[in-house]
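Scroll down for the structure; my scribbles are underneath it.
The values are calculated or read from the model by the stated rules, or taken from the named source; none is laboratory data. Keep in mind that this is a model prediction, so the values were computed, not measured. Using ideal geometry, Cβ is built from the backbone for each residue, glycine included, and neighbour counts are taken over all protein chains shown. Just the protein is used for accessible areas: all its heavy atoms, side chains included, with ligands, DNA and RNA removed. Shrake-Rupley method; radii C 1.70, N 1.55, O 1.52, S 1.80 Å.
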Amino acid sequence: MRVVFASDGWPTDLPDTEDLVLPASRHWRLLQRIHGPGAGQLSQRLAALTPAERDTLRFPHPEFLQILDPRPLLDESARLGGGWLINETLAAGLHNGNALWFGTERNVGTLLADAVEGLGISIHVAT
């Protein structure tokens with residue numbers, strides 16, 4: 001697995017805004033914590049946002065962030081085996097230039113890190 005860290009401000013190799021997509025299952029995860037906060041780190045960060053900022057996550061403008069339609073990825077996801085969240089993310093990486101971006105290394109998770117082996121997907125962490 002190739003992990004690239006970008007720790008000095010905005011990552012220079014982050015794709016253009018028009019190329020930023022979020023898999024539907026990852027968007028679902030954000031929405032779950034917006035509507036049903038827990039005690040975790042994600043819930044705490046979302047709680048710190050203004051209502052307008054939360055609405056930006058709930059209804060992202062497609063010029064800035066697109067939610068990836070999972071239907072075209074279903075066959076590829078099923079071929080990879082395993083769970084939906086990881087496989088949809090892997091299929092999205094394969095479909096979108098073999099690169100995945102995460103906010104912290106912890107968000108990558110061991111299952112996803114292990115699953116990218118042999119697929120040619122680079123994991124980027126914007127810390």
Fill in the blank from the handout: In this structure, the FRET efficiency calculated for A39 and D114 from their beta-carbon separation, with R0 = 30 Å, to the nearest 0.05, is 0.60
Handout entry: S25 - accessible surface, heavy atoms, 1.4 Å probe, Å² rounded to 10
Key = 20
Problem - N96 paired with I67, simple spin-label distance in nm, labels 7 Å along Cα-to-beta-carbon - result: 1.4
Fill in the blank from the handout: Percent relative contact order for segment 18-127, counting Cα pairs under 8 Å at least six residues apart, stands at 25
